[in-house]
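The values are calculated or read from the model by the stated rules, or taken from the named source; none is laboratory data. All values derive from a computational prediction rather than experimental measurement. Cβ atoms come from the backbone with ideal geometry, glycine included; neighbour counts cover every protein chain shown. Surface areas here come from the heavy atoms of the whole protein model, side chains and all, with no ligands, DNA or RNA. Shrake-Rupley method; radii C 1.70, N 1.55, O 1.52, S 1.80 Å.
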Amino acid sequence: MANFSVKVNGKTVDLEVDGSTPMLWVLRDHLKLVGTKYGCGIAQCGACTVHLGDNAVRSCQLPISSVGEKEITTIEGLSENGDHPVQKAWLEIDVPQCGYCQAGQIMTASALLKSNPSPSDDEIEGAMNGNICRCGTYTRIKKAIKTAAAENTNA
Amino acid sequence: MSIIKTKVGRRSFLKNSALAGGGMMLGFSWLASCKLSPEEVNELPKEWFKINGFLKIADNGQVTILSPNPEGGQNVKTSMPMIVAEELDVVWKDVIVEQAPLDTDAFTFQYLGGSQAIRRGWEGLRMAGASARILLITAAAEAWQVPIEEITTEGGVIFHNSSKKSAGYGEMASAAAKIKVPEEVQLKEIGDFKIIGTSQKNVDGQKIVTGKPLFGIDTHRDGMLIAMIVHPPAFGLKIESIDDSEARTMPGIKDIFKIKVFNDDYEKAFFDTRTFNEVAVIVGNSTWEVMNAKKVLQIACGPIESATETRDRFGRKWEEHTPAGLESTADHYAQMEAMSAKKGEVRRRDGDPETAFKRAVKIIEATYTAPFLAHNCMEPMNFFADVTSEKAALIGPLQKPELTEQTLSARLGMPIENIDIQMTRLGGGYGRRSYAHWLVEAALISQKMNAPVKLVYTREDDMTDGIYRPAYQAKYRAGLDADNNLIAFHVKTGGIPQSPLHQDRFPAGAVDNYLAEDWTIDTNLTVGSFRAPSSNFMACAEQSFLDEVAEAAGKDPIDFRLALLDRAITDPQGKTNDYDPQRYAGVLKLVREKSNWGKEPSGMSRGVSAYFCHNSYAAQVLDMVIKDGKPTVQKVTCAIDCGLVVNPDAATNLAEGGIVDGIGNALYGELTFVDGVPQKSNFDKYRMIRMKEAPKEIDIHFVESDIDPTGLGEPTFPPIFAAVANALYGATGKRHYHQPFLKDTSTLTS
Ligand code: FES
Ligand code: FES
C-alpha cells in the first residue's frame, strides 16, 4: 500500500492503494467512476479506454504508480453536459445496442479526432480496431465518427 | 377495429392497484435522472397515480411507462413503452421510461430470449395503454356528465368538443385510478398509429454515452465486498480440496471457502445448468486484491463420475446423462463422424426417399461441421446479492428473472415473496444470461459473509466456465433427375449434446421425397442457448448446401430457391411445414431487387442466403472481395419480414448487429478443448470480429406488413453464415464446409 495523488477529470484525488493496481480498478472500485468498463483485463478489448493526457490508453494496463502528473479523463469527464461532439454524434446515429463497449469506443474515437480531426476510413478502422463490440455496432460507430468529424470541421 | 379481452387466461391482466388511493411520491432527482437534462423537467409532479402495472400518470400529466422485459441491446426498453404510449395516446417525448422490477403479478413473460419480447408482449402492451386511456375517458365523462362516446383524446389531452371542455390526463388520473378496468377494450387501427412505426432514439442513449452506472457490474452498495470464483481447469474435473494458506494472507482478503451451487437432491429446471457445481470463492475488499489472491489460490481436483439426473423442462422431465472423462475436440469430430455413419432417429419421411435417390441421375453430398462457441458478452457474468435470514435482494443482468427467482427460492429455502430481483441493463446476453447460476452463487456468498457482495467473473472465468453453443455436424444429400429437378432430399444431423434438426423447416414441403434424421452425443461440457439456438448452425449448413445443389442443377441460386418455395405454395408436401412459403419468397424477392442481383459490381463475389426462424424471415446478399488474401465484406443487403416494425431505426441497428456478429462467428468463432481444458480463455486467442472485418456497408430493408410484430434479435444471425460461405466459394473457388472458415487471421481453410 502506498499513497498516490492522481488527477482525474480535472480533480486531484488522494488515495491509498497498492501501486500495481490498474487505473481501471482505481476508477471503478475506489473512485466509483464506473463508466470505464472491464472487458478483458489484458489490453485486447478496449472497454477500459481512458485518456492519459491526450492519448487513448487501456486503463487495465495502467498501474496507478505509473500515472504521475498526467491528467486522466474518463467518459464521465469527457464533457460537462454529455455534449462532446462524439457523444452527440453517438446519439444522433443511435449507435449503442447493449451499450457496454460504448464508453471505450467513445474514448478511443474522441482521442483519434483530437489528433486527426478528419480521419479517412482506413485511419478510423486502424484506430478503432482495438475496441471489440460483440453486439456488432461497427458500421454505426464509423458513421458516428464521421459525423463528429464533420461537425468539427464545420464548427 | 379490434376489441380484446382484458383477461388473459386465469390472470386478470390489469389490476388497478392504485385503489390504495394516493400516488407515490418521487423526488426531483429521480425524475431528473430519467430525462435527458434537468431543464426538461419543468414541473415537478406532486403525486403519481398507478393506473396499471405498466404505467403511472402524475397530477401534472407526466407519464411514466414501465418497461417489463430485461434490456440487453434489443432496444425493448424503448420499443415496448412505445407500444403502450401509442394506445394511451400521448406524445412520446413526454414519456419517461423506467425499468420494471420482476413482478409476476403485473407482467407475463419478463424474459429476454428467443426474440420473443415484442411478439409476446404486443397485445398486452397495447391493452395496457388502451385500457388506461379508457379509464381516463371514463373519469372525464363522469366529471363532465357527458356521454363517453363523445369524448376524444389526443396527445395526452381529453376533449369534449360540443361543450368545449378539455383536460390533461393528469387532471383525470386520480379519478381514473379508482375506476374498474373494463372487460374489453378497443385497440387502435394500425393506420392510426402515430408512434409505432416511427424511429425513436434509445431511451438510455444519453446515460450510455456519458458512462452512467446502468449495468449490473456497476452496482455499488455501502459495505459491499467483491467475490470471485475459482473453478476446475478442465471439464470432467471437480474440486477435491483447496489450499488457501497463501491466498488467505494477501491484503484485502476476507474469506475463502467452497460453495455448492445446487444441493444434491435438487431437481434442476431447464435453465439450472451448472458445470462445476462446487466452486471455490474468494471474497475481499476490492477487485484487484481478489484478482491477486485468485492467482495464488491452489485447488486440487479429481475426476467426476458419470451421472444421470432427472431434469425438468416446464413440467416435462428428461434424463440428462453426463459422462465422466476428459474430452477433446479431435475426439468430438471423430465421434460425430462415427455417429453419422449409424442409423439416426427418423424425424420425418415424405414419399420414398430411398427409391428416389436410386432414380436420381445426379447426387450431391456434403458434410458440414461447427465448433463449440463461447458467448463472450462484453460484460462478464456478475451479480449483486444482499441476503439476510429474512430476505434476499439481488441486482444484476439476467434473461429469465422469473425462473431464476424460483431456483433461488428453492436453494435458499426462502419464500419468493422475500426475494427481490432488480434487473439492470445487460452488457450482452445472447442466451448466456438465461443460465443464472451466478445469481445463486452471489446469494450463497452473501449469506455466508453476512454482507452485501458483488460476484464478478473474470473474462477468463466467463470464457472457460461457459454454457457453450453445442458442436454440430450435418450431412446432406440431394438427388436431381435428368431435368435437374430436385427429387430427393436427405438431412442427417446431430450435435454434442443436442440435435439442431428442425425437420419441418424448408426445404421440407418443397420436395416429394424427403428424409430427416438425427442423433446426439453426450458430453460433460455444458451447453445452452446461443443467439438463435440450433438455427445458427442449420441455416449455414442448409443454405450452403442449397447453393451447391443449385449450382449442380445449373440454376441461379435465388431462382432455384424460389422454384422450391413455389412448390411449397402450390403443392405442399407432408403434413406440417412450419414456415410460410409466401413470406419466405417475399424476402428473397426483395433482396434480389435491392441488391441488384445479377449485376454485381465487378471483382465482387456474391453469396445469397435466406432463413426462417424465431417467427421472422431474413434473406441476405453478401458482397466480398479478397484483399491481401483476406476476405473483406464490402456490403450486405438484407431483407427482413418480421411483421410490423415498431421502431425502424432501432430494428435496423439490431439487424445490422446480427449480421456483423454472424460474420465474426462464421469466420473466427471457435472454442476447442484438449483433455477437457478450453484452449482459449481471453480475447488474445478468441478472435472476435473487429471493425476492420465488419462489412463496409449494410443495407437493411423491411417488408411492409400489418402482421403482428415478431422477433428481430436473432433472425439476421443464422443466414449470414451461409451468405459468407457462398461468397467465399465465388471468391476462392472452394466450398467452405467447416466453421470457422478462417482458422486464424490470414489462412482460408477449406
Ligand atoms: S479491459 Fe482493458 S482492454 Fe479490455
Ligand atoms: S454495444 Fe454491446 S458490446 Fe458494443
Buried solvent-accessible surface, both chains (B, A), 1.4 Å probe, Å² to nearest 100: 4800
Equivalent ellipsoid semi-axes, chain B, via Cα gyration tensor eigenvalues times 5, rooted, Å: 44, 37, 23
List of the range A:100-125 residues, accessible area with partners at least 50 Å² below that of the chain alone (1.4 Å probe): A:100, A:125
Protein accessible area in the protein assembly as shown, 1.4 Å probe - carbon and sulfur %: 48
Kyte-Doolittle at least -1.0, axis length at least 24 Å by Cα - qualifying DSSP helices, chain B: B:117-144, B:535-552, B:648-667
Solvent-accessible area per residue for chain B (1.4 angstrom probe, square angstrom): 37
Mean ellipticity per residue at 222 nm, deg cm²/dmol - from DSSP H runs of n ≥ 4 across chain B, formula -39500 (n - 2.57): -8500 deg cm²/dmol
Within the range B:613-632, backbone nitrogen closer than 18 Å to the virtual label 7 Å beyond the Cα of residue B:582 toward Cβ: B:615-618
When the convex hull of its Cα atoms is projected in every direction, mean area for the protein assembly as shown (nm²): 38.5
Cα-based convex hull, the range A:2-78, per residue volume (Å³, whole number): 76
Folded to 0 to 90 degrees: helix A:102-115 orientation relative to chain A principal axis, Cα: 80
Residue B:625-residue B:352 FRET efficiency (beta carbon distance; Förster radius 41 Å; 0.05 resolution): 0.35
Cα gyration tensor shape for chain A, rounded if a/c is under 1.5, else prolate or oblate: prolate
Probe 1.4 Å, accessible area per residue of the range A:2-78, Å²: 38
Proximal aspartates and glutamates relative to residue B:343, as straight alpha-carbon distance under 16 Å, when same-chain residues fewer than 8 apart are discounted: B:354, B:517, B:518
Residue range of chain B that is longest and free of GluC sites (Glu not before Pro) which are both DSSP loop and sparsely packed (at most 15 other C-beta within 10 Å): B:391-703
Out-of-range pairs (alpha-carbon distance over 21 Å; input B:294/B:391; A:88/B:46; B:260/B:454; B:685/B:743; A:88/B:454; B:207/B:685): B:294/B:391; A:88/B:46; A:88/B:454; B:207/B:685
Between 0 and 90°, nearest 10: helix A:138-154 axis offset from chain A longest Cα axis: 80
Links that overshoot a 22 Å alpha carbon limit, given the list B:93/B:188; A:32/B:400; A:11/B:212; B:50/B:93: A:32/B:400
Simple spin-label estimate for residue B:604 and residue B:314 in nanometres, 7 Å along Cα-Cβ: 4.2
Computed magnitude of the charge dipole of chain A (debye, nearest 20; Cβ of K, R +1, Cβ of D, E -1): 300
Cut-off under 5 Å, modelled amide H: who pairs with residue B:71 long-range: B:426
Neighbourhood net charge (11 Å Cβ-Cβ; Lys/Arg +1, Asp/Glu -1) for residue A:35: +3
Restraint check, B:238/B:475; A:37/B:201; A:142/B:599; A:37/B:56, Cα-Cα greater than 31 Å: B:238/B:475; A:37/B:56
